[in-house]
Each structure stands twice: as C-alpha cells, then as structure tokens.
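What follows is one structure encoded as structure tokens, with my remarks underneath.
The values are calculated or read from the model by the stated rules, or taken from the named source; none is laboratory data. Computed from a prediction, not measured in an experiment: that's the story for all the values here. Using ideal geometry, Cβ is built from the backbone for each residue, glycine included, and neighbour counts are taken over all protein chains shown. Just so you know, the surface numbers come from the protein's heavy atoms only, side chains and all, with ligands and any DNA or RNA stripped out. Shrake-Rupley method; radii C 1.70, N 1.55, O 1.52, S 1.80 Å.
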Amino acid sequence: MTPRTILLAPIDPVHDVGLKMIRRGLKEAGHNTILLPPDLPPEEIIQEIINKRADTVLLSRTLGYGVAEILARFVDLADALGVRERVKLGIGGMAIRPELAAELGFDAGFGPGTTVEEALAFVEDREYVPEQGKRDKQKRDLTASYTYAYGNSVIAELLGQITGGILAWVQNKTSPGVLRARAREELWDVRRWRGYGKMTEFLKEYPGLCGEMTRNFYLKGIMHPKTRRFTREEVAALENYVSKTKERMTVPGLQHSLKKPMVFNQYGTGCPFMDTGHIKVSEAWGADGVIHFDPSWGARTEGFMDGFLTHQEDGTVITPANLNRIKQSLEPGTLWQIRAHRGLNTPETAVLAGKFQADFTKINICYGALGAGTDPARMTVDGVAAIKYAAKYGLPFDIVTNEELCGVPAHKAFAGMLISCALGLRLGGKPVLQPLFCYSPEVMVEGWMKDNYVDFNVAKVLALRRIIDAPLWPGAPIGFLTHTEDRIQSSASTAYHASLAAMLGVDAVTIASSDEAYSGGPISAPSKVDTLRAVGEGFRFFGNMKLEPSPQALEWSWQIEEDIAKVLRQVSERGDFVGALYDGILGSREDGAYPGRNGKDTVMNV
C-alpha cells in the first residue's frame, strides 16, 4: 500500500489528544502525518493542506458551541480554494455525529468511541470492519486451576466424617424427585425429543411420579393457572428476532486488562421471549454468562411440565422446550447456568442441565433445607442425587449461601457450603464456593459494616482460601441489600462490589440489574445495561490493583475460620446431618432459618 500524507488539525483552543492517538496509529501503519497546533484559523489550515499536498485531512472539534457554523465555513473555504475536490475530509470529536458531518459536506464523521482502526480504514479507502475478536469470546473452565486441597486439616477431617455419614444415610433412600430424575435420565432422549419423536415409556412412567398440578398437565391438559403456551405467531417472531440479532451481535468483554472475574447476570422474567431479549442485551454489554431463575412455586411442585410456556410473574418455568429455546439463543461463548439448588426438582434439574449442555448448575443442601422451604431429609436425598448427576455430566456447581439473607451467620452458612463442597468432591464433582457479598442481617445486627462494606467481605474470602483451594464465585447477587430504588446508586454499589471481588482475585461474580430488587414487575433491559456498564467502568478504573487486607479483615477472617470448625464439630458429634439441620446447628430459628416442610415424609427406603 502506498503511504498517504495525512494532515491532522484541531479546530479547538487546546484539545488535540484524540488526534495525537490517531496520529500514532497512522504512523505505525506507515503513513506520513503532519499534526498542526490547536486554534489555527481555517484559512491557515487550508494553506497547510495546499503546502503539504495532503491526501487526507482529519479535523477534530471537541467543544460543542458554534460547531456547525465553524465547520460549514471550513468546507466552504476548501471548496472556494479548490482543495475540496482532491482531498478527503474527516471530522471527529465529542461534538460530532456522522449525520452532522455528512450534512456539512465531510466525507466521514467520527463521534465518541471512535477507534484508531476506524480512522485508519477511512484513510486507506477501505471498509471498516469491527474487531472480529469480539465475536469469539471463549468459554473458560473456572475450576481448571484448582487442586481442592485442604489447608485446614481439622476442618478436612470433620468434613470427611460428616460426608461419610451422609452418604451412608442416603444409600438405601430415594424420593419422588430422585425417581423422576432417573426416568428423565433413562427414558427421555433429548435428540429424539428435538426430532419430535415419541417418548412413550417416559410418558407412561413420569406423570405418576409427579404432584397433582403436574400430573393434571400430562393427563388432563390442565395448565398452571399463571402459564400459557406461546402462539405460533409469537414463536415465529422470536425466531426472527434471534436470527436477526445474532447476525449483528458483537460480544465485548467487561474485564479490560483483567483475566477475571467472569460476570454472570440473572434472567427470569417469566417470559422466555423477554428473557431472550435480556440475554442478548447482557451479551451485547459484556456479560460472560447468564443464570436461569425459575419461579418460587416451581421449587414446591413435584415435576416439570413441557411445552414452550410463558408465566405471568417473575421466574421462568423450567420445561425442556423453554430451556431448548434459550439454549439456541445464546452466543457460542456465553456460559449458561441452570440452578437446581433448592426444591423438589433438584436432581431432575441437574439432569436437564446436563442434557441441554448447560455449563453450570447450582446445588446447596443446607440452603435448600433452611432458607428455601424444602424438608431437610428430602433435600439431603435429592441433593446427593443431584451432585451425582452434575458429576456425571461434568457440570461444575456453585454452592450458594443465601441462608445468610435469612439471618444465618456467615460461619454457619459456610459450614453448610463446605459440607456440600466435600460431598461434591467425594462424588467426583467440581464444586464452586459462593460466599455472599452482601449487607446481611448478621452484620446489620452486629454493626460490622458501619464503617465500610469491604472488611467483612474480604474476611470471608480470606477464610475460605485458607480452608480449601477452590474457585470462588461471590453472589448472589453481589451487593445485595446495599441497593436502593435509585438505579444510579444500585449500579454504583454493584460496581464497587465487583471491583472489590476483582481486587481479591475471585473467579466470577453474579450481578443484579439495577432495578431487580425493587422493580415491582418485569425487570427492564436498560437497568441491566446500567449495571453492566458500571461494572465495566469499575474494572477499568482499578485494573489489576490488589487489595491489602486491613487488620480488622484479618481478625474477622480468623474468627470465621475458627467458628466454621466449631459448627462442623457440633454436626460431627451429632452424628446425624439431617438431625443437625432440624436442630438448628447450621442455622437456627433464632438466626432466622427454619427447616422446610415441602416434601416432608416423601423420602422412601429401598
């Protein structure tokens, strides 16, 4: 390519930084560049164009006042002096938009966010193609670099005793949820289902293992009162939307120079069509993964319906058809989690997550039993079965500690999380620890966050890192109970917590839309953008900075570790994990945790 001569001139009193950056790129590409000083009048700039025999002129205008008049006068002078017909003119700056540039007679206009590559393409008379690497975000295994070696031998020994007892207890037990999961695993073939093949054996067995509502769906065609099927017209519209959106989709990253944390965003509006829109917005603004959020009644219902269904309240119903549509809408590099952690369909959800090739699931026996309403005995039997299926399908599973939001102290929640983690390791799984970054009832009562939201969250991470070499994924979502109805405050708070997580080197974070806790209805896509942009700005601002823990954070971390060991010792001495859940050792009524009742007396001996 023949080198061009490019003259760069700021039509501003002082602002020429953007032109200097573009000049560097042009020089590196082999072009000759001339940068004029700021605040020259148009006549002098045009005279320099003539004297230097420039091929292309790049002007910049940052200040907005009088921009149209000044630039129009420049083009008129260039025309009058015979320059315009042989020189390409480009204009850029904060006050410029392509439409304005074209109206004023320029060949191109470059507004805020213009890249050097875009200006270079203009100079070289070629089409600008956005960076293709943005379309090639690669999935990463956040468990890959961890050994799962214990750093606290006392805790390791106690976990061995407790998990051995759990596995012995569940050995001869089953439940309707486990039986449904086995039917889904053995009799339901996803490829045959996608090809509209008959599932005769499955449909013969499955309804009899379901509760009344789901059984009525299969045998009588009666829908849940707040659900309906999509119409053919709606399905066609969704397919058209997904196809067109994928054609123009780019998938940027939020991390700037960071390698982690990955950022996950929840969806669960109730409507898979709306979910798909929110997912595409999340992908387009940098989210690395999305999490399926199902309705609370789904955790209390035995069995899953089928069909492409929409639900009029928050939480998107889990059905094979809904999961299939959402899977098809995802970009290749987007990670996908289907959470299975808390209800009567836990093991079957893990099977569906595996069959639809999700990347993660979510399982925590203690939270499901103490904070989500499922009977401890049922949750234990189902939780172990779910972990086995997660291991079979190679699905990492995070272990959320949302019982903290009920009032359970962090050390008790962490003891329960570590039990589920140890079970996962014994069963060949890949567990991920999920401490809450939140303003929990415990710290409210104790006043531990009066000064800052940093120290106690840092203490949690330090304690867990000393105990076991395992991935950390704070959630769910980060900053919970620090958010207000103000979208700016909510987004900023999430960004601060995400930046703290990055400085601590955690592997992933789950974020909420800025209106999620207060929407009173469907969550809006702009609120997702608010939060994702804020998180990206936080990562850019702090970069690879690390945080030095304060003396207070260190003190609290040792106390958390010591208290975890005390709780685990109590569970071990109790000799009965399910009994320990009922007794409140891992979260009591005084703390705010209550053993669940859903599925009570449904565990069966085999």
Lysines with Cα under 18 Å of residue 355, excluding same-chain neighbours fewer than 8 positions away | 198, 327, 388, 392, 430
How much solvent-accessible surface does residue 556 expose, in Å² to the nearest 10, with a 1.4 Å probe and all protein chains in place?
-> 40 Å²
Contour minus end-to-end for residue 228 and residue 47, with contour as 0.36 nm per residue of separation and end-to-end as the Cα-Cα distance?
-> 58.0 nm
Helix 410-426 sits at what angle to the longest principal axis of the chain, using alpha carbons and giving 0 to 90 degrees rounded to 10?
-> 80 degrees
All other residues with a Cβ under 9 Å from the Cβ of residue 36 taken together, and with Lys, Arg as +1 and Asp, Glu as -1, what is their net charge?
-> -3
Work out the FRET efficiency for residue 102 and residue 40 from their Cβ-Cβ distance, taking R0 = 25 Å, and round it to the nearest 0.05.
-> 0.55
For residue 244 and residue 576, what does the FRET efficiency come to when R0 = 60 Å and r is the distance between their Cβ atoms, rounded to the nearest 0.05?
-> 0.55
Enumerate the calculated ³J(HN,Hα) couplings along region 384-396 in order (Karplus 6.51 cos²θ - 1.76 cosθ + 1.60, θ = phi - 60°), each rounded to whole Hz, writing x wherever the residue is Gly or Pro.
-> 4, 4, 5, 4, 4, 5, 4, 5, 4, 8, x, 8, x
Mean projection of the alpha-carbon convex hull of region 349-416 over all orientations, in nm²?
-> 4.4 nm²
Would you mind estimating how fast region 86-133 diffuses translationally, via Stokes-Einstein at 20 °C and 1.002 mPa s with the Kirkwood radius over Cα pairs, in µm²/s?
-> 191 µm²/s
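Taking K and R as +1 and D and E as -1, what net charge do the other residues with C-beta under 12 Å from the C-beta of residue 200 add up to? Intermediate results must be reported in sequence, preceding the final value.
On the way: positive: 192, 198, 204; negative: 189, 201, 205.
Value of the local net charge: 0.
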Rounded FRET efficiency, nearest 0.05, which uses the C-beta distance separating residue 392 from residue 116 and R0 of 41 Å = 0.25
Going highest first, how would you order 226-237, 287-298, 178-189 by mean Cβ packing within 10 Å?
-> 287-298, 178-189, 226-237
Stretchable slack from residue 559 to residue 156, in nm (0.36 nm times residue separation minus alpha-carbon distance) = 143.3 nm
For region 250-267, just list the computed ³J(HN,Hα) in residue order, Karplus coefficients 6.51, -1.76 and 1.60, θ = phi - 60°, integers in Hz, with x standing in for Gly and Pro.
-> 10, 10, x, x, 8, 7, 6, 8, 7, 9, 7, x, 6, 10, 10, 10, 7, 10
Among [x] 29.1, 96; [y] 28.0, 105; [z] 31.1, 99, the entry that matches Rg and Dmax of the Cα atoms in Å as calculated here = [x]
For every other residue with a beta carbon closer than 13 angstrom to the beta carbon of residue 299, add +1 if it is Lys or Arg and -1 if Asp or Glu, then tell me the sum.
-> +1
By per-residue mean of other Cβ atoms within 10 Å, what is the highest-first order of 240-248, 361-369?
-> 361-369, 240-248
If each of residue 72 and residue 124 carries a label point 7 Å out from its Cα toward its Cβ, how far apart are those two points in nm?
-> 3.6 nm
Using alpha carbons only, how many degrees (0 to 90, rounded to 10) separate the axis of helix 525-542 from the longest principal axis of the chain?
-> 80 degrees
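Using mean Cβ contacts within 10 Å as the protection proxy, how do 486-494, 499-507 order, highest first?
Highest-to-lowest ranking by the protection proxy: 499-507, 486-494.
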nm² value of the averaged projected area, convex hull over the Cα atoms of region 5-129 | 6.7 nm²
Would you kindly find the accessible area of residue 257, with a 1.4 Å probe and non-protein molecules such as ligands, DNA and RNA excluded, rounding to the nearest 10 Å²?
-> 60 Å²
At 0.36 nm per residue, minus the direct Cα-Cα distance, what do residue 220 and residue 79 gain on full extension? Give it in nm, one decimal, please.
-> 42.9 nm
Could you give the angle, 0 to 90 degrees to the nearest 10, between helix 176-187's Cα long axis and the longest principal axis of the Cα atoms of the chain?
-> 60 degrees
